[in-house]
Amino acid sequence: MGYCMKIVDDVATEVVTGDEDFLSILANERPGIWIYDVKNQGGKHYTDGVFWEQQPFPSWTLDASKVWQPPIVKDNDIWIEELARWGTVDEGYAVHYNKVARDYLAETDWYTIRKSEIGTEVPADVLTKRAKARADIVDVVEE
């Protein structure tokens, strides 16, 4: 027993449990390209008889074996795309929370611009949250 998968635009879009004989029935009832595999590969890309994962990060490249490779050899816990290097889990969290804080500041900058241009006060809760966002930003060493 395995899985019959419909391939659309090089992606396994439908997965039905069955055997290889069931594959021909599916192909007749639901036109398209159907393949059989013993593993459920739903959602994975399929090219030239090989299933492969979605690209984990924009900087990674797909090798000839359909395996994603990082731009540099792994030398730490996790890949941090924003720093284009391997780093610790703590650095990964810092980068994430820095982004959240900076995004909030960018989204609320218009309050401070409005204040400087026409004098309308910035709401107290926004000032408090902006102060917290600035305090939450930490330095992450970029190598």
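Annotations
- Residue among 64, 131 that is under 30 Å from residue 37 (Cβ atoms), exposed (fewer than 12 other Cβ atoms within 10 Å of the Cβ) and among the small types (Gly, Ala, Ser): 64
- Residue that is surrounded by 12 or more Cβ atoms within 10 Å (Cβ to Cβ), within 20 Å of the chain's Cα centre (by Cα), of a type in the set (S, T, N, Q) and outside any helix (DSSP H, G or I), where the choices are 76, 98: 76
- Filter pass, residue 104 being outside the structural domain of residue 7 (by TED's automatic domain parsing), of a type in the set (Ser, Thr, Tyr), surrounded by 13 or more Cβ atoms within 10 Å (Cβ to Cβ) and within 23 Å of the chain's Cα centre (by Cα): yes
- Qualifying residues in the range 1-28 (those that are over 16 Å from residue 54 (Cβ atoms) and of a type in the set (D, E, K, R)) - the one surrounded by the most Cβ atoms within 10 Å (Cβ to Cβ): 6
- Residues in the range 29-41 that are assigned to a loop (DSSP other than H, G, I, E, B) and either of a type in the set (D, E, K, R) or surrounded by fewer than 15 Cβ atoms within 10 Å (Cβ to Cβ) (or both): 6 in all.
- Subset of the range 52-61 [assigned to a strand (DSSP E or B) and within 22 Å of residue 83 (Cβ to Cβ)]: 61
- Verdict on residue 47 being without any contact (Cβ under 8 Å) to a residue 24 or more places away in the chain and among the β-branched types (Val, Ile, Thr): no
- Yes/no for residue 91 being part of a helix (DSSP H, G or I), farther than 28 Å from residue 44 by Cβ and not basic (Lys, Arg): yes
The values are calculated or read from the model by the stated rules, or taken from the named source; none is laboratory data. Predicted model, so just to flag it, every value in this text is computed and none were measured. All Cβ positions, even for glycine, are placed from backbone atoms using ideal geometry, and neighbour counts span all protein chains on display.
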